Amino acid sequence: MTEKTITIREQKVHKDYTKVKLIILLILLGLLLLAAAFASKVSPFDPYEQDLGSALQEPGDAHIFGTDRYGRDMLSRVIMGSQTTIFSALLLVCIITVVGTVVGIFCGYYGGKLDAVLMRISDIFLAFPGMVFAIAVAGVLSGGLSNAVVALACISWPKFARLARSQVMTVKDAPYIAAAKLAGSGTVKIMIKHILPNIAGAIIVTAVLDIGTMIMELAGLSFLGLGATPPTAEWGSMMSNGRSMLQTCPWVVLAPGFAIFITVVLFNLLGDTVRDVLDPRNSASH
Amino acid sequence: MQTILEVRGLKRTFYKDKELFTAVNGISFEVKKGECLGLVGESGCGKSTTAKMITRLLEAEEGTIYLNGKEIQNLKGRKLRGIYDDIQMVFQTPQDSFDPRCKLGDGIMESMINHGMTRVKAKTRMLELMQMVELDSGFAERYPHQVSGGQCQRAAIARALAVEPSLIVLDEATSALDVTVQAQIVELLKKLQREMNLSMLLICHDLALVQNLCDRVLVMYQGNIVEEGTPDEVIQNPKEEYTKILIDSVL
């Protein structure tokens with residue numbers, strides 16, 4: 001009896017802890033997103049204004065993160081870059097989640113030829129190492145941030161299609177789907193009202209966990225010159241531009257590097273926490 | 001008496017370990033208006049497959065199904081959905097037969113809303129139905145995992161009754177419940193049958209339940225109907241060897 005009470009209390013404490021963690025992460029990310037959304041208002045200097053007189057200044061009172069080789073304020077550029085990087089990554093994750101889930105639900109529900117054809121196509125995409133394939137696609141499409149997003153979307157949707165498909169296959173034979181058919185609901189209604197809510201948990205967790213990865217990959221493509229083009233402030237291309245000065249003026253690389261690091265860690269922690277919250281083993285009481 | 005359901009030569013095979021396995025081997029029977037027909041047999045004899053074929057959740061390979069004189073086994077899309085005005089089913093596992101993300105009330109209202117009823121009207125009717133199956137109206141706001149199996153099965157019966165079907169298929173509807181709850185559900189079914197002149201196809205492996213509820217019983221063995229008659233006849237004077245074994249195993 002005592003033992004049981006303790007476990008329940010422990011569970012409750014753990015649940016509260018997860019919730020607090022979720023709230024803290026959401027506040028931090030909310031601040032980050034706000035800063036990104038109002039980047040031009042938040043940044044202390046114009047991120048694109050060149051001042052060759054104060055080029056490559058060390059971090060100090062005037063420029064907290066220093067300046068780059070054209071004398072542009074690094075802090076302002078990092079803040080401006082957050083807009084480009086984070087919103088492209090969010091857009092990218094939205095696209096692949098929606099496309100992947102729709103394809104996955106249709107494949108999983110109908111099966112047969114449609115499923116076979118679409119899954120073989122997704123196999124083709126999954127057969128290549130992701131980043132290499134993305135570089136190839138971005139190269140063919142020629143650089144530019146929007147093309148980088150397209151390239152990464154091309155290689156990432158099959159993951160969500162696979163996930164959604166496997167989830168649909170586990171729920172589509174459940175009696176409640178049969179009951180919905182007996183209630184006279186059409187296929188589309190069954191998919192939206194009964195299948196989607198029951199598979200959404202796994203998809204949301206994967207999508208949130210993928211935001212960090214997508215930020216890294218977008219920054220990676222930009223680093224290689226296949227994403228954002230100068231002078232656009234973007235973390236990947238900022239690091240790439242500064243890499244020759246890594247030994248003399250490390251702040252030029254470290255500022256955007258730390259920005260990527262912190263953002264990715266935050267989004268990954270959020271993903272983990274969301275998974276803990278949505279875990280079916282924790283959701284005994286709604 | 002009017003025939004509600006007529007089944008002729010229904011057949012279905014499955015692949016089991018890559019071997020062809022006949023689940024239902026050309027069975028024929030009919031259900032008359034206001035009648036309760038029992039279908040008994042051991043696990044795996046094809047009872048549930050039959051139920052799924054009649055309700056068109058599973059395709060029949062051969063045979064014809066007439067519901068109120070209309071052939072239904074080839075209907076598709078909107079026309080198929082139309083048959084669910086006349087035939088409804090109660091499933092073996094009550095909790096699984098309600099969407100875990102939907103409240104019980106919404107589950108019961110779904111069919112009415114699909115029939116073009118407004119939400120307000122559907123809600124009134126839903127509360128009536130809840131009363132009919134002796135459920136407190138508060139249960140409408142609960143999720144399936146927040147209620148007991150018996151309460152959930154009552155809600156499932158309410159859902160089946162929502163469109164006033166002429167036939168209800170009960171696929172092992174009481175098997176997952178404990179004995180006292182089973183008795184309550186049986187009482188409820190009896191009451192509903194009396195009051196609404198319902199036709200029922202009761203699929204189960206419990207001969208006592210069949211004797212209690214049914215007017216006529218079919219004994220199924222390895223995909224075939226081996227015996228037919230009133231429950232008392234079948235139980236007291238079994239003609240087939242298999243029926244004897246089945247009765248002996250209960251007593």
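None of the figures in this text is laboratory data; all of them are computed from the coordinates on show. Note that the coordinates shown come from a computational prediction; the quantities given were computed from them, not determined experimentally. Cβ: placed from backbone, ideal geometry, glycine included. Neighbour counts: every protein chain shown.
Could you name the aspartates and glutamates in cross-link range of B:K16, using Cα to Cα under 20 Å and dropping any fewer than eight places away on the same chain?
Within reach: A:D173, B:E42, B:E59, B:E61, B:E62.
Over region B:60-170, one equal point on each Cα, no solvent: what is log10 I(q)/I(0) by the Debye formula at q = 0.16, 0.18, 0.22, 0.23 Å⁻¹?
The Debye formula, applied to the Cα set alone, gives -0.74, -0.89, -1.18, -1.25.
Note down the nm distance, to one decimal, between modelled labels 7 Å out along Cα→Cβ at B:D85 and at A:L52.
Distance between label points: 8.4 nm.
Show which lysines lie in cross-link reach of A:K15 when reach means a straight Cα distance below 21 angstrom and same-chain residues fewer than eight apart are skipped.
Of all the lysines, those that pass the test against A:K15 - Cα under 21 Å, at least 8 places apart if same chain - are A:K4.
Between region B:113-148 and region A:203-234, what's the alpha-carbon centroid distance in Å?
The two parts, judged by their Cα centres, are 49 Å apart.
Label A:C94 and B:N74 with points 7 Å out from Cα along Cα→Cβ: what is the distance between them in nm?
Output for this residue pair reads 4.8 nm.
For A:D173 and A:I262 in the same chain, what is the full-extension length gain: residue separation times 0.36 nm, less their Cα-Cα distance, in nm?
Length difference between fully extended and current span is 27.7 nm.
Can you give me the distance in nm between label points at B:K244 and B:T230, each placed 7 Å from the Cα along the Cα-to-Cβ direction?
Once both label points are built, they end up 2.4 nm from each other.
Hey, what number do you get for chain A at 222 nm if only DSSP H runs of n ≥ 4 count, each worth -39500 (n - 2.57), divided across all residues, to the nearest 500?
-24500 deg cm²/dmol
If R₀ is 30 angstrom, what is the calculated FRET efficiency for the pair B:A183 and A:Y110, using the beta carbon separation as r and rounding to 0.05?
0.10
Ordered by packing density, taken as the mean number of other Cβ atoms within 10 Å over each peptide's residues, highest first, how do A:170-176, A:210-216 rank?
Ranked from most to least packed, the peptides come out as A:210-216, A:170-176.
Using only atoms on other chains, find how many Cβ atoms lie within 10 Å of each Cβ of peptide B:162-168 and report the average. Don't skip to the end; give the middle numbers.
On the way: counts 1, 3, 0, 1, 0, 0, 0.
Mean partner-chain Cβ count within 10 Å for B:162-168: 1.
What does DSSP give for chain B in terms of the percent of beta bridges that are antiparallel, rounded to the nearest 5?
Of all bridge pairs located within chain B, approximately 55 percent are antiparallel.
Using a 10 Å cut-off around each Cβ of peptide B:73-84, what is the average number of partner chain Cβ atoms that fall inside?
Going residue by residue through B:73-84 and averaging, the value is 2.
If you take the Cα Rg of region B:1-55 and divide it by 2.2 N^0.38 Å, with N the number of residues, what do you get?
Ratio of Cα Rg to 2.2 N^0.38 Å: 1.28.
Which lysines, if any, have their Cα less than 22 Å from the Cα of B:K103, not counting same-chain residues under 8 positions apart?
Correct list for B:K103: A:K172, A:K181, A:K189, A:K193, B:K121, B:K123.
Is any residue of region A:38-80 close enough, with backbone N under 20 Å, to a label point placed 7 angstrom from the Cα of A:Q247 along the Cα-Cβ axis, and if so, which?
Correct set: A:56-58, A:69.
How many angstrom lie between the C-alpha centres of region B:177-251 and region A:22-46?
Taking the Cα centre of region A:22-46 as reference, the centre of region B:177-251 is 68 Å away.
Let me know the volume per residue of the alpha-carbon convex hull for the protein assembly as shown, in Å³. Intermediate results must be reported in sequence, preceding the final value.
Working: hull volume 111.9 nm³, N = 537.
Hull volume normalised by residue count: 208 Å³.
For chain A, what does the alpha-carbon gyration tensor say about shape, rounded, prolate or oblate, given a ≥ b ≥ c as the root eigenvalues, a/c under 1.5 as rounded, and a/b over b/c as prolate?
oblate
Shielding of B:88-97 by partners, i.e. mean partner chain Cβ atoms within 10 Å per residue?
The mean count of partner-chain Cβ atoms within 10 Å per residue comes to 4.
Going highest first, how would you order B:144-151, B:86-93 by mean Cβ packing within 10 Å?
B:86-93, B:144-151
What value, in deg cm²/dmol to 500, does the helix sum -39500 (n - 2.57) over DSSP H runs of n ≥ 4 give at 222 nm once divided by the residues of chain B?
Numbers: 9 runs with 94 residues, N = 251.
Here the helix-only value at 222 nm equals -11000 deg cm²/dmol.
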